[in-house]
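In what follows, a single structure is set out as structure tokens and then discussed.
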Amino acid sequence: MSFQIQEQKQTLRKEMLKLRRNMTVEQRFAADEKIMQGVCSHPLYQKCRQVFAYVSMPHEINTYPLLERILKDGKQLGLPVCDTKKHEMQFYRLDALAELQDGAYHIPVPPISEERLMTANQDTLMIVPMLAYDSEGYRLGAGGGYYDRFLSSCQLHTIGICYAECRQEHLPHDAYDKTLLFCVTEQVTEDFYVR
């Protein structure tokens, strides 16, 4: 990645985090609820058998109600576990929120065992975190590159979740950045199948 693109992304990350901090608790709660409804009513969610999701951090859209809903709907739930040495992540099955334990970057993770390791297939939907997205389906992540590396290694369906005001017309990107199929905000669901 060029130094210029890296700098542009870093500047945008700060702007997007500031936007989120300026939202009131009530605004975020209402937006998070609408985003969860948008994901759960999406045909990809309704058809899939397993969902790769993530445990939200304080600056992110609250995914805890979504994780509960996935388990309640009887779908297999996979959560990411980061290997910080290899800069890779794998997904492990979570059967109940009470199983969560502290992981890398202080992100809660499921118990790690060989029988819980999950692989992506055509029945898998991944819910992707992002700070911003653009009109082509590119996303601005936290900067670790974990999701782009994972998406390069497998075929699965993707829905990004983001706040509507964080949408950009064009994000800086390079060959390593992967586009999403859909993005759900509190206002709209955007389809990026057609480019």
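Every number in this text was worked out from the coordinates using simple rules, so none of it is lab data. Quick caveat, the model's predicted, so the values are computed rather than measured. Here the Cβ is made from the backbone with ideal geometry for all residues, glycine too, and neighbour counts use every protein chain on show.
For segment 32-75 and segment 125-166, what is the separation of their C-alpha centers, rounded to whole Å?
For segment 32-75 versus segment 125-166, the Cα centre distance is 15 Å.
How high is the relative contact order of segment 24-119, given as a whole-number percent (alpha carbon pairs under 8 Å, six or more residues apart)?
For segment 24-119, the relative contact order is 20 percent.
Roughly how many nanometres apart are two label points built 7 Å out from the Cα toward the Cβ at A175 and Y64?
Inter-label distance under the simple model: 4.3 nm.
Name the residue, out of Y105, Y92, Y138, whose mean-square fluctuation peaks in a Gaussian network model built on the chain with Cα pairs under 10 Å.
Looking only at Y105, Y92, Y138, the largest GNM fluctuation is found for Y105.
Kirkwood-based Rg over Rh for the chain (C-alpha set), two decimals?
Rounded to two decimals, Rg/Rh equals 0.93.
If each residue of separation counts as 0.36 nm, what is the full-extension length gain between Q168 and Q10 once their alpha-carbon separation is subtracted?
In short, 55.4 nm is gained.
For the chain, what is the charge dipole size about the Cα centre, in debye to the nearest 20, if Lys and Arg each add +1 at the Cβ and Asp and Glu each add -1 at the Cβ?
My answer is approximately 80 debye.
What percent does the relative contact order of the chain come to when contacts are Cα pairs within less than 8 Å and at least six residues apart?
22
Under 10 Å, Cα contacts only: if you run a Gaussian network model on the chain, which one of T11, T179, T158 comes out with the highest mean-square fluctuation?
It is T11.
Sorting T84, T63 on the 10 Å Cβ count, fewest up front, what's the list?
The fewest-first ordering by Cβ neighbours comes to T84, T63.
On full extension of the chain, what length is gained from E136 through F3, given 0.36 nm per residue of separation minus the C-alpha to C-alpha distance?
45.6 nm
Order by neighbour count: I5, I35, fewest other Cβ atoms within 10 Å first, most last.
Ranked by crowding around the Cβ, least crowded first: I5, I35.
Among V25, V51, V128, determine the one that fluctuates most according to a GNM of the chain built with springs between C-alpha atoms less than 10 Å apart.
With Cα springs under 10 Å in the chain, the top fluctuation among V25, V51, V128 is at V25.
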